[in-house]
Amino acid sequence: MQKIIILDFGSQTTQLIGRRVRELDTFCEILPYNKFPADDPDVIGVILSGSPLSVNQPDAFRLDFGALFGKYPMLGICYGAQLMADTFGGSVESSDTREYGRANLSTLDVADPLLKNIEPGAQVWMSHGDTITRLPAGFRTIASTPTVANAAYRGADDEKLWGVQFHPEVFHTLCGKQLLENFVVDICGSRRDWSAAHFVDTTVEELRSQIGADRVILGLSGGVDSSVAAVLLHRAIGDKLTCIFVDHGLLRKDEFADVMSLYEGLGLHVIGVDASQKFYSELAGVIDPERKRKIIGKGFIDVFEAEAAKITDARWLAQGTIYPDRIESMNITGKVIKSHHNVGGLPEKMNLRICEPLRWLFKDEVRRVGRSLGIPERLIGRHPFPGPGLAVRILGDITPEKVRILQEADALFINGLREWRTADGDTLYNQVWQAGVILLPVQSVGVMGDERTYEQAVALRAVTSTDAMTADWAHLPYEFLAKVSNDIINKVRGVNRVCYDISSKPPATIEWE
Ligand code: XMP
């Protein structure tokens, strides 16, 4: 399959370049800048990312252009553009003022193929301290802003080489999508053959030849990634796939049963393990959030391992690892700095081989693949839910009674979000990124009937976000908040006060622990 190679020089937005290329239905791989694949016949073009470095630093990342130049169309972004200009004899200097934020292309060469359908005045997003003060001989400027003379340039007419000082991959470069389309489709000649249906067909074939008649184990979490991985594998190898779903007793109300029945409806063979008592007893009296996480992580591996060991003929462990997990696991020199294995250590111990069918997909692509596999929207559209579950939403120690209170309150909130229709006919649930209730370690005085009460307070949390890195509190309608507050206080024994969390991330986080 055709692919674009994105060489990563360490920019925070390298992943976004990848997403934008995929949105153009074109496969791409993000690789460390010094790991260009030699002799890959599928490569149709190369993009060089930005970087926190300056090309003038002695330890700047440099590229061996010999392997690329003249062979592939190339687009340098920010540092990538500066590096090409510097390498081919131009000058890059530190600018007097660092340039961050919005700018407009005041002049541009509308005849250049990179700028097709982009109008003068187009908004772009800058983020750089260095600037290209002189282009190499034979290169020419194709766009400028009032403060950046070489906002975009190209090499000689017979060289397919372009550089842009701004970031076409970020949302605020309004013409960025068009520019990348011009590069990927018109200049590199992408056939736009990367689609969910295509991915399913080719991956099913690959899995069949990779796995053969072996048995595979997969840990399901109820989340989107592991569910899509399971259905994909099931399509490839049928009943040779065995799934294990561990209930640590800290899931949402009825979630274990709901999700099990959804999985059964999909034809998956799932072993459900109710291990709640083990987790409650190991967590008793534990207050520190990180200790809670460790106990749950280890407990999960123990239970999973014990179940997996019963499947004696298993040869593979499948995981729902997705592309961002793997990119985050590597720094730009390809060294692993963080492991994302959900069941760390298990494959080595059990002598299992790892199978990660979603390893090339971004989150939105996982959802598209899930839909194309016919997985119900109720599973695909689920909010993210932390692995340690309600444990990090019960502040202080955890008891079965507190879990019950929180599950009841959370169900009223989440079902309320699912049922509340917005003006455009959607639900509030679909409009927020994530929501849940926090049980506070606080009791407060109230009055119910003629009785004084002294009961628990809960906080509602709902946020909007695109990636959980930053988030804003969701501006839910007052009428909705009033209804949920009433429902919780009237129906959940033990709660007499409901608050709404109006903190954004940063400086707060989504979870309270
Ligand atoms: P924070 O609270 O850091 O959360 O803003 C960002 C996202 O990560 C989820 N989260 C976790 N997920 N294990 C997980 O699997 C955890 O320990 C954990 N802590 C937070 C959180 O729900 C949000 O989606």
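Summary of values
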quantity: Portion, in percent, of the accessible area of region 3-187 that falls on carbon or sulfur, probe 1.4 Å; calculated: 49
quantity: Dipole magnitude (debye, nearest 20) for the chain, charges at Cβ of Lys, Arg, Asp, Glu; calculated: 460
quantity: Residue-normalised accessible area of the chain, expressed per residue, 1.4 Å probe, Å²; calculated: 44
quantity: Too-long pairs where the Cα-Cα distance tops 25 Å, listed order kept, from LYS253/LYS491; LYS292/LYS483; LYS240/LYS298; LYS177/LYS505; calculated: LYS292/LYS483; LYS240/LYS298; LYS177/LYS505
quantity: Separation between Cα centres of region 14-35 and region 229-301, rounded to whole Å; calculated: 33
quantity: Coordinate range along principal axes, alpha carbons of region 196-380, Å, largest first; calculated: 51, 44, 33
quantity: Cα-based helix-to-principal-axis angle, 255-265 vs the chain, degrees rounded to 10; calculated: 70
quantity: Extended-chain gain in nm, criterion 0.36 nm per residue less alpha-carbon gap, THR147 and ALA468; calculated: 112.2 nm
quantity: Among ILE142, ILE77, LEU105 - extreme Cα towards positive end, dipole of region 67-163, charges at beta-carbon; calculated: ILE77
quantity: Additional length obtainable on full extension of the chain from ASP40 to GLN57, 0.36 nm per residue less Cα span; calculated: 3.0 nm
quantity: Among 10-17, 476-483, the order from most to least packed when residues are scored by Cβ within 10 Å on average; calculated: 10-17, 476-483
quantity: Protein accessible area in region 196-380, 1.4 Å probe - carbon and sulfur %; calculated: 51
quantity: All Cα pairs of the chain, percent lying beyond 37 Å; calculated: 41
quantity: Cα→Cβ-extended label distance, 7 Å offset, between ASP302 and VAL110, nm; calculated: 7.1
quantity: Extension gain from ALA156 to ARG418, taking 0.36 nm per residue of separation minus the Cα-Cα distance; calculated: 88.6 nm
quantity: Label-point separation, GLU23 to ASP186 (7 Å along Cα→Cβ), nm; calculated: 1.9
quantity: Degrees separating the helix 14-23 axis from the principal Cα axis of the chain, which is the longest one; calculated: 90
quantity: Principal-axis tilt of helix 400-419 within the chain, Cα atoms, nearest 10 degrees; calculated: 60
quantity: Whole-percent carbon and sulfur share, accessible surface of region 391-513, 1.4 Å; calculated: 54
quantity: Distance in nm between pseudo-label sites at ASP450 and LYS278 (7 Å out along the Cβ direction from Cα); calculated: 5.3
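The values are calculated or read from the model by the stated rules, or taken from the named source; none is laboratory data. Here the structure is a predicted model, which means the values were calculated and not measured. A quick note on method: Cβ atoms are made from the backbone with ideal geometry, for glycine too, and the neighbour counts reach across all protein chains shown. Side chains included, ligands, DNA and RNA excluded: accessible areas come from the protein's heavy atoms. Shrake-Rupley method; radii C 1.70, N 1.55, O 1.52, S 1.80 Å.
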